[in-house]
Amino acid sequence: MAANKILVCDDEPHILHVLSMKLTNAGFDVLTAADGEEALLLAQKHHPDLLITDYQMPVLSGLELCAKLRGDPELENTPVIMLTARGFSLGQEDLQNPNIKRVLPKPFSPREVLRIVKGLLEGTPLTSDVKGTPTASIPAPVVLE
Amino acid sequence: VTPVAATTSIKVTKDRDGRLPAIVVDRPISAASFARLTEQWRDARVWLSLWNADGRLVESDAKTGRLWTALLAAEVGFTPRLAEHVRTLVKTCSGAGESPSGGQPEWGPWHPNLSFLAAPVRWRQRTVGAVIGGVVTSAAGGEEFTRLCTQCGLDREAALQWAVETGAVRPDELPGLVRLLQLSVQLSRELEVGREEISVLTSNLEDTYEELNLIYQISRQMNLDRKPGDVLQSIGRDVLEVSRAAGIAFVLREQMPASDAVLPVEGAFYDDLHARVVQVGHAAPGLRELEDLAERLDIKTAPPPSYILLNNAGEGSELNWAQGWLKHLVALPLWHEQELLGVLLAINCRDEGDYTSVDVQLLRAVADRVAAFLQNQRLYTDLAELLMGMLHALVNSIDAKDSYTCGHSERVAFYGRALARAAGATAAECDRVYLAGLLHDVGKIGVPDAVLCKPGKLTNEEFDAMRRHPEIGAKILARVRQIADLIPGVLNHHERPDGRGYPHRLAGRAIPLYGRIICLADGFDAMTSSRTYRTALPLPAAIAEIRRCSGTQFDPELAEHFLKLDLQELAKEARTCQGIATA
């Protein structure tokens, strides 16, 4: 079985490096993009199994990117993990997009991200990560398929 | 036993002069980079080989350059000469300067038909190897070429064929090519160094992220409402995940409170060891060993920033006894404001490496927070115990006025809590009922002793004085914000469902719940205790009495819950538990 493809998108290079190292070491194929538009182009070309994206980015924000994914029949089911420095300022209606499975405030624990990624892609049951993280207080996107 | 002193001992293998080992570069350029280079230079008809600083051939382009491969493999040939050339290059290129110097040729016609281009591989100020490019400088053939083939034992026809395959370079192109090769090797090396550095930085950043999250997580777990043992357990688990430790242990000097509740708890008492030692992961064979270990570490006398770091712990004569299980150890004192509260132990490295000061730094951040938490926990417990102690002292002093009511308030509190629990109240509500029960007669302090302790029948006036105690109690408690919610219990514990109680003749559900609960608990204790004017009712008679008065004196629903309890056992417990409750 080919490795799962993950697209990571953030305008901060150190975030890209940390995530791509963590995920590559775990055996995933990682693509990186520095803004929402680049991410969309890469997504359309490579059809990633999962997108991890920052919320605030130039050109195309994380939410706009998610909306574009939603509008593309080939990408509409791509699960998304949203990273944000302002987790609590995201409105309830912003998180209605069903692609957004989790919201993680920065700075996040790379271990935690890996655990969530595995949970979403491999169906590994999420255990401790739901418990106690600030994301738990954002009700909508915690539901997993 | 000689204590292990609080010093640092990091095991680093140094050479005889005490220097750290020299950096050995086996491979001046990574295989991937060299592969990229060879591919680029193949098109320019340059065949590349990679050499390390000792003049050892690391790798050469195997795809083309069969001529070169054959020449290198030949016993009499170019290998020794090239090796010597590289060694000289390394010697002359080390130190300042960008390119080979000292009159050493960077390229040269070593043979009428063949030339070599030399590009040093630099690492910081040192030259750690070289890339040598071989070129055929003119159409091979002729006498010199034939002699070379004979010398090296090559088949002339085959060698000629290979030389043609390789393609020739004009001699006037050599100076330009060598500059380009040097630049391309240097860039390729710089790119590689950059990548390595990013990867190291990224890995450090990742660790920092994890540590930051750990500290954040730990801070959130330090909830004074939780049992300290549970808090230490979950902190230990988090530290275990982020650090390299195989086991984490906290050895405290004082017992942790067995429960967050300050009220007397039935059962579940920690033994001393479990109340002082918390172990997570694979730390030690048992708690006793951890305590022994903590005892032997001379961490108590060491000033706050000290720690113990041992990477061959079991071998130390002081810790010989732990040889079977102890290899690596970091011990940090849990200090809070000049006071040693215990020790944090990180035992054995999961990755078989050694602990370093980086591990210590992370553990110290944890230790500092744990110490602050333990201290807060202790202050909190102290305050709560002080409050309970004062309350008990107060009600005992009232109960003591009359030898017949001795322990009455404690028992009412105890029955009230049991009843509240049976009626489905939360643990927090049960604790409040307990306090309300404890204080229900506090107003008797305002009733004259002559009335309170009168052995005979009370007159109407005396009864009136007696009946004022719920209101007096409510007034006394109204001044204390933290227990204002108990007032309904105190004020209404003599109200009756049939409306014939006092002080306000409330009826049925108009009587607050705490009042109804304490009324029943109070009544039960009164019946089952002796008074000046009668002896205690036997239990079956008391039960019958509660049943008879259900709906008139006692809330019928609560009476039902109460009668379902094992009252025999409860009454026995109430009378034996008092020692603990008043302690």
Next on the checklist: Could you sort the peptides B:496-506, B:143-153, B:237-247 by per-residue average Cβ neighbour count (10 Å cutoff), highest mean leading?
Outcome noted: B:237-247, B:496-506, B:143-153
Item to check | Mean projection area, nm², convex hull over Cα of the protein assembly as shown | outcome: 48.7 nm²
Checklist outcome for this item: To the nearest 0.05, the calculated FRET efficiency linking B:Leu57 and B:Glu173 through their beta-carbon distance, R0 being 22 Å, is 0.30
Checklist outcome for this item: Here the net charge surrounding B:His336, from other residues whose Cβ is less than 13 Å away from its Cβ (Lys, Arg +1; Asp, Glu -1), is -1
Checklist entry - Put +1 on the Cβ of each Lys and Arg and -1 on the Cβ of each Asp and Glu in the protein assembly as shown; which of B:Gly353, B:Leu419, B:Met527 then has its Cα farthest toward the positive end of the dipole? => result B:Met527
Checklist outcome for this item: With +1 at each Lys and Arg Cβ and -1 at each Asp and Glu Cβ, the charge dipole magnitude of region B:272-391 around its Cα centre, to the nearest 20 debye, comes out at 180 debye
Checklist outcome for this item: Rg/Rh over Cα atoms for region B:479-545, Kirkwood Rh, comes to 1.07
Item to check | Globularity ratio of region A:1-119, using Cα Rg and 2.2 N^0.38 Å | outcome: 0.95
Checklist outcome for this item: Label model pair B:Val164, B:Glu196: point-to-point distance (7 angstrom along the Cα→beta-carbon line) in nm is 4.4 nm
Checklist entry - How high is the FRET efficiency between B:Thr552 and A:Ala26 when r is their beta carbon distance and R₀ equals 56 Å, given to the nearest 0.05? => result 0.20
Checklist entry - How much FRET efficiency would the formula 1/(1 + (r/R0)^6) give for B:Lys564 and B:Arg479, where r is the Cβ-Cβ distance and R0 is 45 Å, rounded to 0.05? => result 0.75
Checklist outcome for this item: Percent relative contact order for chain B, counting Cα pairs under 8 Å at least six residues apart, stands at 10 percent
Item to check | Principal-axis tilt of helix B:408-422 within chain B, Cα atoms, nearest 10 degrees | outcome: 60 degrees
Checklist outcome for this item: Taking every alpha carbon pair in region B:377-467 and sorting the distances into 5 angstrom bins from 0 up to the bin holding the longest one, the percent per bin comes out as 3, 13, 18, 18, 17, 14, 9, 5, 2, 1, 0
Checklist entry - Once fully extended, how much extra length lies between B:Arg27 and B:Lys91, figured as 0.36 nm per residue of separation less the alpha-carbon to alpha-carbon distance? => result 21.3 nm
Item to check | Least to most buried among B:Ile308, B:Ile483 (fewest other Cβ within 10 Å first) | outcome: B:Ile483, B:Ile308
Checklist outcome for this item: Quick calc, region A:1-80, dipole around Cα centre from Cβ unit charges on Lys, Arg (+) and Asp, Glu (-), nearest 20 debye, gives 260 debye
Next on the checklist: Strictly over 20 Å apart at the Cα level, which of A:Lys45/A:Lys101; B:Lys401/B:Lys444; B:Lys444/B:Lys564; A:Lys68/A:Lys106; B:Lys227/B:Lys564; B:Lys444/B:Lys475 would you flag in this model?
Outcome noted: A:Lys45/A:Lys101; B:Lys444/B:Lys564; A:Lys68/A:Lys106; B:Lys227/B:Lys564
Item to check | Within-12-Å neighbourhood charge of B:Ile445 [Cβ basis; K, R +1; D, E -1] | outcome: +1
Item to check | Note, ³J(HN,Hα) from phi for region A:8-24, Karplus 6.51, -1.76, 1.60, rounded to Hz, x at Gly and Pro | outcome: 10, 9, 7, 7, 9, x, 5, 5, 4, 5, 4, 5, 5, 5, 4, 6, 5
Next on the checklist: Nearest 500 deg cm²/dmol is fine: what mean residue ellipticity at 222 nm does the protein assembly as shown get from its DSSP H runs of n ≥ 4 alone, each adding -39,500 (n - 2.57), divided by its residue count?
Outcome noted: -14500 deg cm²/dmol
Item to check | Integer Hz, Karplus 6.51/-1.76/1.60 couplings in order for region A:51-67, x for Gly and Pro | outcome: 10, 10, 9, 6, 7, 9, 8, x, 6, 9, 6, x, 5, 4, 4, 4, 5
Checklist entry - Can you give me the Cα centroid spacing of region A:5-34 and region B:109-141 in angstrom? => result 40 Å
Checklist entry - Based on Cβ point charges of +1 for Lys and Arg and -1 for Asp and Glu, what charge dipole magnitude is obtained for the protein assembly as shown about its Cα centre, in debye rounded to the nearest 20? => result 1360 debye
Item to check | Amide H contacts of B:Arg531 (H built 1.01 Å from N, under 5 Å, at least 5 apart or other chain) | outcome: B:Ala536
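Each reported figure results from applying straightforward, stated rules to the coordinates on display, with no laboratory input. Just so you know, these numbers come straight off a predicted model, no measurement behind them. Here the Cβ is made from the backbone with ideal geometry for all residues, glycine too, and neighbour counts use every protein chain on show.
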